Amino acid sequence: MRLLFSLALFLLSSGLSARSAGEYLPQDADADPGVPTPESVLGWDVGDWHVSHDKLVQYMQTLAASSPRVSVKVIGYTYERRPLLQLAITSAENQKNLESLRQQHLGGEGPLVVWLGYSVHGDEPSGSNASMLAAYYLASSRSAYVQELLEGSVVLIDPSINPDGLNRFASWVNSNAGKAPVADPVSRQHVQTWPDGRTNHYLFDLNRDWLPLVHPESRARVVEYHRWLPHVLTDHHEQDRFPGFFFQPGVPSRQNPLTPGENLELTRALAQYHSAAMDRAGQPYFTEDAYDDYYFGKGSTYPDINGSIGILFEQKAVLGQEIETSNGIETFQMAIANHLRMSLSSLEGSWAMRGRLKEYQKGFHDDMARRAASRNFKAWIIDDDSDPARARALLDVFDLHGVEYRPLGETVRSDSGEFSPGHAWIVPVKQRQFGLAEAMLEQRTRFQDNTFYDVSAWTLPLAYNLPFATVSRVPDSASVSGSSRGLPPDASAAAWAIPWNQLEAPALLQSLLSAGLRVRAAAKAFSAQSSSGLVSFGPGALVIQSGIQTADARQKGLELLNARALAGMDIYNLPGTLTAMGPDLGSKHFELIKPVNPLIIGGEGASAYGVGELWFLLDQRLNIATTMIEQQRLGEIDLWDYTHLLLADGQYDSLNDGMKSMVARWITDGGVLVAIGQAANWAESLCFAAPPELCIAQAAEPSDTTPAAPRDYSDFAADQADQVIGGAIVAAVLDLSHPIAFGYNRMELPLFRRGTTTLTPSDNAYSTPVRYTSDPLMAGFVGEKRLAEFAGQPAVIAEKYGSGLVVRFANTPLFRGFWRGTEKMFINALYFGPMVESTQLPEVATQPKPGAPRQQ
């Protein structure tokens, strides 16, 4: 009795409102006691603690082992090797015929299929915690409704879309939890430190990756999506901006015009079930406001262009055990309960509307076929830009999305240029995935509503910097595509040459440097005889001279070159040092590339997304072991141990004048600073005068005191949209002679423009390798004022200071890891930055005054 009394006293004093699984479920659930509850496996009631991913997996596997209604499989793994689970819940009889039912469904018959997806943002965990309750309810309920539902449906549960982020956040919240919950929103539990738990391991937002498919979580998920093609897919989130719970539809005028209108009607019909559930619970909510359905790379929007109904849910964030809000104290249990309600209302509504949903999906592709027939072109053609690997990377994305393509079999000329067999691909309009293909390939610049929740353009060939065009007829196709022109390395060759325009050339360079080889880069174009005949090489081409390598390094180099050649890279055997045209291999125009040792500055103020883009490129694509520190610790290290200082977009105010002076000295001693976005503006404040006292701060410009013309209060939202660049594609022109542009074949380059950062033009006429064109908009929305601000202005500036270099990018060239067409500019700053020479012209001597004595 004393023990029971002490336990009761503890529960009361701790403030924990223990809530068993049964208390979360509908009253008529009639749970089978033989099915394990979440608390029986976890050791606590759902909502008392934030579930870690390993405990979530443990419960789901226990459930599958205990219930004949549940099967579970691992569809992939995260970077941290956490399993990505997919539960399939249906009747015990259906489980025996699951594959047959899937095939029937894909054929237009069969069961209703609903996909419940939870917590793509790791620090929005009420969804993943609710997933255990949703699975338990479906596995255990003996109600007539659930039995009927499961006899006619397959419910797919994705309990954690972002396991690495979920686990990171659970560790933070649980380690900062007290016995008595703290509702004060400024408390440590509610305020994460940088970079927080929203993102995946490399700090990417997985809810923007459904279309570009950069990460293993997204790739595994989209494969399963197309295996099942659910009628309805839910996407459970949290938000901290609004007092009520949000469910779709979003703002109707901001729905992507490629999404069929019936999709909005069905979403509205399903919303009636969500509304009823929230009203019964007395919970505040809203719909058709704030959020949109425009970018097809989000989890709730991607289904809309594939014949499904995607639904976004946004619960008011708690970020701990409980929090004080304008609605009063809200608890984690309340957040979990709301996501469970929406999971069940989605199932209820989908079951009640199953006839309409099935008919809609069955007719979707017929609708897309009619839309395709109405277009004034028959196919897209995409060129490989003399880089088959870059084209192959885009085609891999097409494969995952089920978009059809085939090799071009005849020469085609268009306003966009000439496309040749062996170097181009046809994407026919007449195909099942026309809707998604058009969404990937269109260039739209006119919109009904100029407000966007995310980006307004994402044309994939432009992202990969691949020329493409539409054509009025489908050209002939070839049976096989073109192959590499290169040959495996000849051990007796005097040198081996690698064109720098190839996507995988930087990774090969890094592996060669890591193996101890001496590699040179051509500063000028040249032509040389090879075992394949006369070959022309552009600036940036890599040259490995056999005679200057150690025996061990030479052997390792041959192995690396051979592996890359077999994988399709062009690698050429050169018999001698003399070239047919251009500088000879032994001249000063072939500069030795030094190994790089970059330092990434992160921490509070730096964009976690931007830092993640840097880290992902260096670690995953180049295999560079990269040091990353918080900016507040810069004074603790020896900066001269590093070759490059990399600053992502963000605020760097914590780097005081002393730190700035140190960075400037390091640059003049040979360091390379690469700064992006607002960090580029910070770099403009560095002082390179000696002594520093000679630096004169620019006088502040007088503020414009002219009163603004009166505007209606209701005009604010539209006016604000005109000032924001949420994400558009713009045109730039390259100086192909500059080392930052080495490896590019064409002067025109599509850039991704996000944010309003502009660069202060350089006083040096030779320091701007990339400039926006005078009419830059290619796709997406940019307001007229913002467009005029950067048209014709610098996009990248590379300025020499002493022996070092400062490279400023107005926008990231590594956007979300899929803007492959511009990443080489950043890579060039890494490896070729030291090649940039001083271009300071000598001062012009003034004419002597009449009568002045001549100097002897």
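For region 153-161, state whether one or more residues are open to solvent by less than 20 Å² (accessible area, probe 1.4 Å), among the acidic types (Asp, Glu) and under 20 Å from GLY310 (Cβ atoms).
The answer is yes; a qualifying residue exists.
Of all residues in region 92-123 being farther than 18 Å from PHE364 by Cα and small (Gly, Ala, Ser), which is most open to solvent (accessible area, probe 1.4 Å)?
Here the residue is SER100.
Which of the residues belonging to region 62-71 are open to solvent by 50 Å² or more (accessible area, probe 1.4 Å) and in contact (Cβ under 8 Å) with a residue 12 or more places away in the chain?
Hits for region 62-71 are SER66, PRO68.
Being open to solvent by less than 10 Å² (accessible area, probe 1.4 Å) and within 27 Å of the chain's Cα centre (by Cα): is that true of LEU622 here?
Taking the combined requirement at face value, the residue satisfies it.
When you go through (1) surrounded by fewer than 16 Cβ atoms within 10 Å (Cβ to Cβ); (2) touching a residue at least 12 places away in the same chain (Cβ under 8 Å); (3) out of contact with any Ser or Thr (no Cβ under 8 Å at 6 or more places or on another chain) one by one for THR459, which number turns out not to apply?
That leaves (1) as the condition not met.
From the list GLN431, GLN443, which one is touching a residue at least 24 places away in the same chain (Cβ under 8 Å), open to solvent by 10 Å² or more (accessible area, probe 1.4 Å) and under 20 Å from VAL724 (Cα atoms)?
GLN443 is the lone residue from the list that is touching a residue at least 24 places away in the same chain (Cβ under 8 Å), open to solvent by 10 Å² or more (accessible area, probe 1.4 Å) and under 20 Å from VAL724 (Cα atoms).
Would you point out the residue of region 634-650, among those that are over 28 Å from the mean Cα position of the chain (by Cα) and open to solvent by 10 Å² or more (accessible area, probe 1.4 Å), that is farthest from VAL674 (Cα to Cα)?
If we take residues in region 634-650 being over 28 Å from the mean Cα position of the chain (by Cα) and open to solvent by 10 Å² or more (accessible area, probe 1.4 Å), then GLU636 is farthest from VAL674 (Cα to Cα).
Which residue pairs have Cβ atoms closer than 9 Å, lie 6 or more positions apart in sequence or on different chains, and pair a first residue in region 372-388 that is touching a residue at least 60 places away in the same chain (Cβ under 8 Å) and assigned to a helix (DSSP H, G or I) with a second residue that is of a type in the set (Ser, Thr, Tyr) and open to solvent by 10 Å² or more (accessible area, probe 1.4 Å)?
Hits for this filter: PRO388/SER481; PRO388/SER483; PRO388/SER484.
I'd like to check which strands (runs of 3 or more DSSP E) are fully inside region 42-158 and have at least 3 residues that are over 34 Å from the mean Cα position of the chain (by Cα) and basic (Lys, Arg).
none
Would you mind finding the one in GLY349, GLY299, GLY307 that is at positive phi and modelled with pLDDT of 95 or more?
Within the list GLY349, GLY299, GLY307, the selection yields GLY307.
What residue, among those in region 439-458 that are among the hydroxyl-bearing types (Ser, Thr, Tyr) and in contact with an Asp or Glu (Cβ under 8 Å, 6 or more places away or on another chain), is nearest to ASN207 (Cα to Cα)?
Going through the qualifying residues, I end up with TYR453.
Residues of region 182-192 being in contact with a helix residue (DSSP H, G or I) (Cβ under 8 Å, 6 or more places away or on another chain) and not charged (D, E, K, R), which ones?
Listed by number, the residues that qualify are VAL182, GLN189, GLN192.
Here are SER300, SER275, SER350: which of them is part of a helix (DSSP H, G or I) and in contact (Cβ under 8 Å) with a residue 40 or more places away in the chain?
SER350
Being more than 30 Å from GLY817 (Cβ to Cβ) and either open to solvent by less than 40 Å² (accessible area, probe 1.4 Å) or under 28 Å from the mean Cα position of the chain (by Cα) (or both) narrows it down to one residue among TYR405, TYR360; which is it?
One residue alone meets the criteria, TYR360.
Applying the selection to region 328-379, what residues are over 30 Å from VAL146 (Cβ atoms) and either in contact with a His (Cβ under 7 Å, 6 or more places away or on another chain) or among the β-branched types (Val, Ile, Thr) (or both)?
ILE329
Quick check on my filter: what residues within region 725-781 are open to solvent by 30 Å² or more (accessible area, probe 1.4 Å), outside any strand (DSSP E or B) and of a type in the set (A, V, I, L, M)?
LEU736, MET747, ALA765
Of everything in region 364-394 that's more than 30 Å from TRP500 (Cβ to Cβ) and in contact with a Lys or Arg (Cβ under 7 Å, 6 or more places away or on another chain), which residue is most open to solvent (accessible area, probe 1.4 Å)?
Among residues in region 364-394 that are more than 30 Å from TRP500 (Cβ to Cβ) and in contact with a Lys or Arg (Cβ under 7 Å, 6 or more places away or on another chain), the one most open to solvent (accessible area, probe 1.4 Å) is LYS378.
Which ranges mark the strands (runs of 3 or more DSSP E) fully within region 485-599 that have 1 or more residues being among the hydrophobic types (A, V, I, L, M, F, W, C) and in contact with a helix residue (DSSP H, G or I) (Cβ under 9 Å, 6 or more places away or on another chain)?
Those strands (runs of 3 or more DSSP E) span 495-498, 520-522, 542-545.
Just checking, how many residues over region 17-66 are basic (Lys, Arg) and under 15 Å from TYR137 (Cβ atoms)?
1
For region 465-480, enumerate the residues that are open to solvent by 30 Å² or more (accessible area, probe 1.4 Å) and among the small types (Gly, Ala, Ser).
SER472, SER477, ALA478, SER479
If I filter region 570-584 for residues that are touching a residue at least 12 places away in the same chain (Cβ under 8 Å) and under 30 Å from the mean Cα position of the chain (by Cα), do I get at least one hit?
Yes, region 570-584 contains at least one residue that is touching a residue at least 12 places away in the same chain (Cβ under 8 Å) and under 30 Å from the mean Cα position of the chain (by Cα).
Any residue at all in region 597-611 that is open to solvent by less than 50 Å² (accessible area, probe 1.4 Å), among the aromatic types (Phe, Trp, Tyr) and either in contact with a strand residue (DSSP E or B) (Cβ under 6 Å, 6 or more places away or on another chain) or modelled with pLDDT of 95 or more (or both)?
Scanning region 597-611, I find no residue that is open to solvent by less than 50 Å² (accessible area, probe 1.4 Å), among the aromatic types (Phe, Trp, Tyr) and either in contact with a strand residue (DSSP E or B) (Cβ under 6 Å, 6 or more places away or on another chain) or modelled with pLDDT of 95 or more (or both), so the answer is no.
Name the single residue that is most open to solvent (accessible area, probe 1.4 Å) among those in region 253-272 being touching a helix residue (DSSP H, G or I) at 6+ places or on another chain (Cβ under 8 Å) and assigned to a helix (DSSP H, G or I).
GLN272
The values are calculated or read from the model by the stated rules, or taken from the named source; none is laboratory data. These figures come from a predicted structure and were not determined experimentally. So basically every Cβ, Gly included, is an ideal-geometry build from the backbone, and we count neighbours across all protein chains shown. Note: accessible area is taken over every heavy atom of the protein model, side chains too, but ligands, DNA and RNA are not part of it. Shrake-Rupley method; radii C 1.70, N 1.55, O 1.52, S 1.80 Å.
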